[in-house]
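The block underneath contains the structure these notes are about, expressed in structure tokens.
Values quoted throughout were computed directly from the atomic coordinates according to the rules given, and no laboratory measurement underlies them. Everything numeric here is computed off the predicted structure, so don't read it as measured data. All Cβ positions, even for glycine, are placed from backbone atoms using ideal geometry, and neighbour counts span all protein chains on display.
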Amino acid sequence: MRGLGLRVGSSALNYRALRVLGMRVPRWTGGRLPWLGLSEYTLGELPGPDWVRLRPLLSGICGSDLSLLTGRSSAVLSPFNSFPAILGHEVVAAVEEAGAVAGVAVGQRVVLDPIISCAVRGLDPCPGCTAGTPALCRRASEGALAPGMLIGFCRDLPGAWSEGMLAHASQLHAVPAQLSDETAALAEPLACGLHAVLAQAPAEGERALVIGGGAIGLGTLAALRMVAPGTETTIVVRHPLQAELARQFGAHQARLYLFGSGPEEDALKDLARKLGVEDRVNFVGWVDSSSRIWPEIDLLLFPSRHEGSPNAVLEAFAHGVPVLASDTPEHREILDPASLLPPEDEWAWSEKLKKILTATSDSLMSLHGQQQRCAEKLRFDWDAEILRKILEHTA
């Protein structure tokens with residue numbers, strides 16, 4: 001059988017070139033430079049009665065795939081990979097042909113454990129495979145198959161960025177009928193997060209820190225909420241969408257930063273201590289330049305009783321930071337009603353924040369979207385104004 005696939009070619013020489021150029025001039029890692037191209041390949045017969053031929057339905061793009069294509073991955077594991085290869089190891093697929101003892105039926109949907117273990121290579125199990133940890137298989141370059149730790153990085157086993165692929169029965173897991181393809185395609189990265197939590201679940205009273213808000217980081221967070229729901233969990237993320245998803249997955253540890261100083265400061269510090277939240281409230285004091293603080297802020301709270309020119313709110317708009325502000329005449333001119341709260345109503349502020357932090361319909365992303373539309377109305381476009389005047393004059 002022949003098929004089409006996105007094949008990546010690599011060698012020690014061209015990978016070094018890609019690594020140097022990709023890190024210095026990232027835009028050059030597009031197009032032909034990563035040696036990624038659509039090409040025909042031959043998919044052989046089933047290697048044995050415990051193998052299947054699959055038709056990929058959906059495949060994810062893993063960070064390891066991107067690192068390889070852009071020259072950011074380490075070459076230390078290169079002896080355990082073989083190229084040219086067709087990438088794609090996060091996959092949901094349909095069985096098109098099944099060996100006599102494969103244990104699956106034609107047409108059945110499956111997800112794949114992409115690790116190429118001793119069982120896949122037809123070898124006696126090594127210590128890692130014997131212990132039930134095939135990801136630690138010690139024979140990634142032995143047997144009849146070309147070197148490769150997982151499907152997609154092995155010349156002889158094309159990955160899911162293709163029309164067809166082969167897999168061993170030990171790698172297959174049936175997909176329940178009620179599970180969508182889009183959800184099933186996340187099984188592999190989510191399993192990585194679950195494995196980490198099951199390997200060392202937090203004890204009662206312990207706190208957890210997850211570094212990274214990609215698919216595996218969010219999967220780890222979700223696993224913590226299921227396995228150890230009482231664990232206070234903080235996740236470090238880079239992008240607003242990751243922060244929003246982290247809140248939906250149950251991340252804790254919102255922090256309050258209070259800027260400025262005044263006669264209420266000591267009373268507020270005492271209140272934070274009494275409430276047991278002093279480790280989550282930062283009294284920053286006076287800040288000479290606000291430009292450095294905006295990248296650190298997810299939401300600006302502006303509960304002033306009176307306001308002249310709302311410069312802080314306008315600065316937040318300029319930096320793309322969502323705002324909750326007191327319902328004053330000045331704020332009504334620039335903010336949507338959903339962003340305004342009575343300045344003296346502590347309960348209203350508390351409930352609004354609670355909804356945002358638990359990611360209900362009043363989520364941070366929806367608030368941000370509303371305010372971006374408001375900000376657009378405030379932008380003055382000289383070119384548009386000049387054009388309008390010209391059209392008025394010539395009408």
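A few notes on this one:
- Packing here is the average count of other Cβ atoms within 10 Å per residue, and on that basis the peptides 272-283, 168-179, 46-57, highest first, run 46-57, 168-179, 272-283.
- Amide N of segment 112-134 lying under 17 Å from the label point, which is placed 7 angstrom from the Cα of ALA196 along Cα→Cβ: none
- Cut-off 16 Å, label 7 Å out along Cα→Cβ of ALA94, residues of segment 164-180 by amide N: 164-165, 175-180
- FRET efficiency for the ASP270 to GLU232 pair, using the beta carbon distance and R₀ = 25 Å, is estimated at 0.60.
- The charge dipole of segment 192-247, taken about the Cα centre with unit charges on the Cβ atoms of Lys, Arg (+1) and Asp, Glu (-1), comes to about 160 debye, rounded to the nearest 20.
- Cross-link partners of LYS389 among aspartates and glutamates, defined as those whose alpha carbon lies under 13 angstrom from its own and excluding same-chain residues fewer than eight positions apart: ASP381.
- Extension gain for ALA144-VAL101 works out to 13.4 nm (0.36 nm per residue, less the C-alpha to C-alpha distance).
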